[in-house]
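Here the structure comes first, spelled out in structure tokens, and everything after it is commentary.
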Amino acid sequence: MKTIRNNNIIYCDVDGTLIFWKDPYLRNDDAMLFIDPRDGEELYGLPNTRLLGWLRRAKKTGKRPIIVWSCSGWEWAEAAVHALGLEDVVDVVANKPYGQGMYVDDKGIGDQQLKRKMP
């Protein structure tokens, strides 16, 4: 068993958070190429540079574990972390607890007192 001994964890989603999608099939000067590891599809997205910088600073300034997840699965989250060069920043890559996975708790996901904090 692995225990994350920290109560100040950063959980970060991929789609719409780390990567913005305007038109994933339209290549333009600002877009970055991402390859979907599940089917090899080429997608073009805009990295959220402000959030990437914040995550890098948060990692340097504190001992906060960073978990990146995606409803599209761990394979996609891992590919995004590699493409964005966050291997030295991210501690754990996972499937989002809902979606393909399972979330078991006495409270629904909408009941949680989670703070949505977009730097």
Open item on the list: Out of G62, G85, I need the residue that is at positive phi and either modelled with pLDDT under 95 or not charged (D, E, K, R) (or both). Which one?
Closed with: G85
- [ ] List every residue pair whose Cβ atoms sit under 7 Å apart, with the two residues 6 or more apart in sequence or on different chains, where the first one lies in segment 69-96 and is closer than 18 Å to R38 by Cβ and the second, anywhere, is among the acidic types (D, E) and in a helix (DSSP H, G or I).
- [x] V93/E78
Open item on the list: Please pick out the residue among T17, T3 that is assigned to a loop (DSSP other than H, G, I, E, B) and either of a type in the set (A, V, I, L, M) or under 14 Å from V68 (Cα atoms) (or both).
Closed with: T17
Task: L84 vs. criteria in contact with a strand residue (DSSP E or B) (Cβ under 8 Å, 6 or more places away or on another chain), of a type outside the set (S, T, Y) and exposed (fewer than 14 other Cβ atoms within 10 Å of the Cβ) - done: no
TODO: Within segment 53-66, identify whether any single residue is in a strand (DSSP E or B), crowded, with 16+ Cβ neighbours inside 10 Å and of a type in the set (V, I, T), and answer yes or no.
DONE: yes
TODO: Only residues that are surrounded by 11 or more Cβ atoms within 10 Å (Cβ to Cβ) and either more than 30 Å from K63 (Cβ to Cβ) or in contact with a Gly (Cβ under 7 Å, 6 or more places away or on another chain) (or both): list them for segment 1-26, please.
DONE: I19, F20, W21, K22, D23, P24
- [ ] Go over the candidates G99, G45 one by one and state the one that is in a loop (DSSP other than H, G, I, E, B) and either modelled with pLDDT under 75 or surrounded by 11 or more Cβ atoms within 10 Å (Cβ to Cβ) (or both).
- [x] G99
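The values are calculated or read from the model by the stated rules, or taken from the named source; none is laboratory data. Here the structure is a predicted model, which means the values were calculated and not measured. Quick reminder, even Gly has a Cβ in these numbers, built from the backbone with ideal geometry, and neighbours come from all protein chains shown.
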